[in-house]
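Participant: Take a look at the following structure, please.
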Amino acid sequence: MRHLFGSARCKERSYPINLPSASIILCFYNEALSTLLRTVHSILDRTPAYLLHEIILVDDRSDFIELKNELEKYIANNQLKKVKLIRNVMREGLIRGRMVGSSHATGDVLVFIDSHCEVNEMWLQPLLAPIKEDHSTVVCPLIDIINADTLIYSSSPIVKGGFNWGLHFKWDPVPVSLLNGPEGATEPFKSPTMAGGLFAINRDYFNKLGQYDSGMDIWGGENLEISFRIWMCGGQLKIVPCSRVGHIFRKWRPYGSPGGVDTMAYNSLRLSHVWMDEYKEQYLSLRPELRKQSYGDISERLELRKKLNCTSFKWYLDNVYPEMEVNGPNGKSKIQPPLFINKSPKRSKILQRGRLYNLQTSKCLAAQKYPDQKGGKVVVKECDWTDSNQVWIYNEEHDLILANLLCLDMSETHSSDSPRLMKCHGSGGSQQWTLGVNNSLYQISAGQCLKVIDPDNPKGYVAMAICDGSRSQQWKLDN
Ligand code: UD2
Ligand code: MN
């Protein structure tokens with residue numbers, strides 16, 4: 001593969017020799033053996049031996065046959081002495097699975113990595129250096145993209161972590177000043193949240209901070225929980241742009257949870273009740289059906305919050321994530337922005353009007369069926385310059401309104417859904433789009449860009465994806 005670095009300046013940086021040692025923890029469930037080994041070998045090949053204390057593989061009770069004897073034989077035959085394999089007796093999920101891994105670790109620093117990654121050259125030293133300086137700094141590499149179909153590695157733009165009130169993680173742009181400053185983008189920068197899959201933390205600090213919430217099941221939410229906890233309880237979370245690790249972003253998760261429980265909602269409920277104070281209302285008002293749902297016993301986590309003397313969620317929002325918009329239950333002004341009444345758009349200045357033309361397919365974004373159908377999908381179709389149902393209005397509020405009727409909307413609670421047409425609510429968030437750099441169409445709440453999924457498919461399906469500047473993500477609003 002090619003070795004990609006965010007900034008040429010990264011190569012000029014040097015790191016102390018005596019850095020803390022690392023225990024790498026990889027928890028996996030039904031991972032393809034070849035993919036798991038790609039992750040392990042990239043670590044073995046690209047980490048100085050004296051810094052690599054061990055690689056701990058936690059098998060979360062996979063049922064793939066190849067992960068049984070074949071994996072054990074592979075480790076033994078290739079004398080991968082630093083690789084330790086632990087088998088969970090029961091499926092625990094990635095949260096308790098990582099805790100099992102960390103309880104066996106003896107290195108100074110824990111590095112958690114998803115089981116379908118490839119670490120890049122010089123990935124570890126830039127992560128260890130800030131932790132050596134300050135034990136309560138937790139760091140993430142920049143997550144590059146490995147294409148799920150082709151397995152090709154490509155670099156991703158420099159972004160930081162945020163979230164929306166549906167408690168979905170999203171990527172936020174970083175200030176241009178940070179990218180072009182005297183150091184270029186080489187200096188670690190603060191991030192309100194982490195994506196979850198890749199981070200390094202001092203082992204003692206991880207234990208002191210309360211590891212993870214062991215009441216959380218299978219998948220989801222633990223990344224926001226640990227992010228809030230780090231910031232609110234005296235630590236810092238940073239992204240290190242000179243450390244790059246590729247991750248396979250899949251289109252859907254290839255596994256479910258036992259009993260089909262929505263563990264993301266369950267885990268998010270737990271974290272909102274422990275950490276979010278009155279702001280949990282922001283989440284619950286979006287998901288009213290969860291008000292009645294049980295979320296288990298959280299008394300130990302509440303005690304932890306007290307013991308660690310953590311600040312309020314309001315402090316976190318004011319100081320760590322000031323760009324987060326608070327409307328609704330905890331909104332600053334009691335007067336809500338006016339809503340559309342009887343389909344007549346509120347008077348917001350129109351910035352542009354025209355067709356949303358996709359540069360790769362030369363097709364135009366339109367309603368799949370009818371432009372007045374609430375909840376209807378949008379797709380790309382042959383442009384019809386006489387059809388007023390293909391005309392979008394882009395206004396000062398950053399709404400995109402089709403045929404003067406409905407707004408392009410991205411669900412905050414079901415982030416895997418595709419964008420749809422909804423009644424314009426006039427309060428930003430899920431309906432806020434920016435037509436930005438590289439002709440991208442960026443959705444603020446999702447932190448992702450609109451793309452045409454398969455340019456050759458006549459159905460013209462579109463979806464949200466990580467912004468990568470590719471042609472399928474380029475749009476022009478034209479007359
Ligand atoms: C993201 C994170 C992931 C985790 C998740 C929220 C990145 C790149 N990935 O989703 O690490 O924080 O958000 O929970 O930021 N696994 C198990 N047991 C299970 C389920 C999963 O061991 O029951 C393993 C799985 O094999 C993988 C890891 O946990 O190695 C993360 O799961 P994922 O890759 O499906 O999560 P992802 O990347 O969609
Ligand atoms: Mn993953």
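Any read-out appearing in this document is the output of simple, stated calculations on the displayed coordinates, not a laboratory observation. Please read all numbers here as calculations on a predicted model, not as lab measurements. So basically every Cβ, Gly included, is an ideal-geometry build from the backbone, and we count neighbours across all protein chains shown.
Participant: Along the Cα→Cβ direction, 7 angstrom out, place labels at Tyr255 and Val326. What is the inter-label distance in nm?
Facilitator: 3.8
Participant: Would you list, by chain and number, the lysines whose Cα falls below 17 Å from the Cα of Lys459, excluding same-chain residues fewer than 8 positions away?
Facilitator: Lys363, Lys369, Lys377, Lys381, Lys451
Participant: Run the paramagnetic zone check for Gln293: 7 angstrom along Cα to Cβ, then residues of region 407-430 with backbone nitrogen under 18 Å.
Facilitator: Answer for this model: 411-417.
Participant: Moving on to the next point. Under the classification rounded if a/c is under 1.5, otherwise prolate if a/b is larger than b/c and oblate if not, where does region 150-215 fall, given a ≥ b ≥ c as square roots of the Cα gyration tensor eigenvalues?
Facilitator: prolate
Participant: Sort region 348-479 into rounded, prolate or oblate with this rule: let a ≥ b ≥ c be the square roots of the eigenvalues of the Cα gyration tensor; rounded if a/c is under 1.5, and if a/c is not under 1.5, prolate when a/b is larger than b/c, oblate otherwise.
Facilitator: Rounded, since a/c falls under 1.5.
Participant: What is the list of residues in region 349-371 whose amide nitrogen lies under 20 Å from a point 7 angstrom out from the Cα of Glu396, following Cα to Cβ?
Facilitator: From region 349-371, the list is 349-354.
Participant: Ok, one more. Mind giving me the nanometre distance, one decimal, between the label points for Thr150 and Thr434, set 7 Å out from Cα along Cα→Cβ?
Facilitator: Using points 7 Å along Cα→Cβ, the separation is 2.8 nm.
Participant: Same structure, new question: Tell me the mean residue ellipticity at 222 nm calculated for the chain from its helices only (DSSP H runs of n ≥ 4, each -39500 (n - 2.57), averaged over every residue, nearest 500).
Facilitator: -6000 deg cm²/dmol
Participant: Next question. Scaled to the compact-protein estimate 2.2 N^0.38 Å, what is the alpha-carbon radius of gyration of the chain, rounded to two decimal places?
Facilitator: Normalised by 2.2 N^0.38 Å, the Cα Rg of the chain equals 1.01.
Participant: Something else now. Run the quick spin-label model on Asp454 and Glu278: label points 7 Å from Cα toward the beta carbon, then report their separation in nm to one decimal.
Facilitator: The modelled label-to-label distance comes out at 5.0 nm.
Participant: Then there is this: May I ask what percent, to the nearest 5, of DSSP beta bridges between residues of the chain are antiparallel?
Facilitator: 65
Participant: With a cut-off of at most 11 other beta carbons within 10 Å, and DSSP calling the residue loop, which chymotrypsin sites (Phe, Trp or Tyr not before Pro) in region 52-160 qualify? Please list them.
Facilitator: none
Participant: Using the charge dipole of region 221-298 (Lys, Arg: +1 at Cβ; Asp, Glu: -1 at Cβ; taken about the Cα centre), state which of Cys242, Gln282, Ile226 has its Cα farthest towards the positive end.
Facilitator: Cys242
Participant: Which FRET efficiency value, to the nearest 0.05, do you get for Asp384 and Ile466 by plugging their Cβ-Cβ distance into 1/(1 + (r/R0)^6) with R0 = 45 Å?
Facilitator: About 0.90, to the nearest 0.05.
Participant: So how much slack lies between Thr311 and Asn77, counting 0.36 nm per residue of separation and subtracting their Cα-Cα distance, in nm?
Facilitator: Working it through step by step, the gained length comes to 79.1 nm.
Participant: Full-extension gain between Lys476 and His414, please, as 0.36 nm times their residue separation minus the C-alpha to C-alpha distance.
Facilitator: 19.6 nm
Participant: Within region 74-163, report the trypsin sites (Lys or Arg not before Pro) that DSSP leaves as loop and that have at most 12 other Cβ atoms within 10 Å.
Facilitator: When the trypsin sites (Lys or Arg not before Pro) of region 74-163 are filtered for loop state and at most 12 Cβ neighbours within 10 Å, Lys81 remain.
Participant: Just the projected area, averaged over all directions, of the convex hull on the alpha carbon atoms of region 253-333: how many nm²?
Facilitator: So the Cα hull casts an average projection of 7.2 nm².
Participant: Please sort 114-121, 30-37 by packing, taking for each peptide the average over its residues of neighbouring beta carbons within 10 angstrom, highest first.
Facilitator: 114-121, 30-37
Participant: Taking the Kirkwood radius as the inverse of the mean 1/r across Cα pairs, report the Rg/Rh of region 200-250.
Facilitator: That ratio is 1.00, to two decimals.
Participant: Let's see if you can work this out: charge +1 on each Lys and Arg Cβ, -1 on each Asp and Glu Cβ, no other charges. What is the dipole magnitude of region 190-312 about its Cα centre, in debye to the nearest 20?
Facilitator: Charge dipole, region 190-312, about its Cα centre: 420 debye, nearest 20.
Participant: Tell me, what is the FRET efficiency for Tyr370 and Asp318 to the nearest 0.05, using R0 = 51 angstrom and their Cβ-Cβ distance as r?
Facilitator: E(calc), rounded to 0.05, equals 0.70.
Participant: Once you order the gyration tensor axes a ≥ b ≥ c over the Cα atoms, which shape class does region 243-286 get: rounded for a/c under 1.5, otherwise prolate or oblate by comparing a/b with b/c?
Facilitator: Here region 243-286 falls in the oblate category.
Participant: Still on this structure, I have one more. Starting from region 176-275, pick out the trypsin sites (Lys or Arg not before Pro) whose DSSP state is loop and whose Cβ has at most 14 other Cβ atoms within 10 Å.
Facilitator: Qualifying residues, ordered by number: Arg250, Lys251.
Participant: Suppose R0 equals 56 Å; then what is the FRET efficiency for Leu302 and Asn404 from their Cβ-Cβ distance, rounded to the nearest 0.05?
Facilitator: 0.65
Participant: Run the numbers for Arg13 and Asn69: contour at 0.36 nm per residue of separation, minus the present Cα-Cα distance, in nm.
Facilitator: Stretched out fully, the Arg13 to Asn69 stretch lengthens by 15.9 nm.
Participant: Spit out the partnerless Cys residues in the chain, using Cβ distances under 4.7 Å as the pairing rule.
Facilitator: Taking the Cβ cut-off of 4.7 Å, the unpaired cysteines of the chain are Cys27, Cys117, Cys140.
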